[in-house]
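Visitor: My questions will all concern the structure given below.
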Amino acid sequence: MILILSPNIDQQGAEYGQLIGFLDQLPNIQYRMHHEQGVQQRLTEVYLIGDTAALGLDYMKSLPYAGMMSHRWKPDRTELLSGRV
């Protein structure tokens, strides 16, 4: 799962600390942060690795600084058998 945070987050702020605290407590899930500095803004992506199927997208979107979410798409058996993939 990829969590893209709002642009230009304050990494020293309380809400960012709360987010990190939440991520540290997720069972069977590790995370990695990736930062990209553009001309006008800095973006932060959080890669969640592990048992992310148990995480609700709506809940994750409600976290501090959460901007966009993406689950890795996996074709189901019907799609594989139909040849649509």
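Each reported figure results from applying straightforward, stated rules to the coordinates on display, with no laboratory input. All of these numbers come straight from a predicted model, not from anything done at the bench. Every residue, glycine as well, gets a Cβ built from its backbone with ideal geometry; the counts of neighbours run over all protein chains shown.
Visitor: Net charge near residue 66, counting Lys/Arg +1 and Asp/Glu -1 over other residues with Cβ under 13 Å of its Cβ?
Guide: -2
Visitor: Taking the Cα of residue 24, stepping 7 Å toward and past its beta carbon, and measuring to each backbone N in region 49-65: which are under 16 Å?
Guide: Answer for this model: none.
Visitor: Report the label-to-label distance for residue 11 and residue 35 in nanometres (one decimal), using points 7 Å from each Cα along the Cα→Cβ vector.
Guide: Label-label distance for residue 11 and residue 35, simple model: 0.2 nm.
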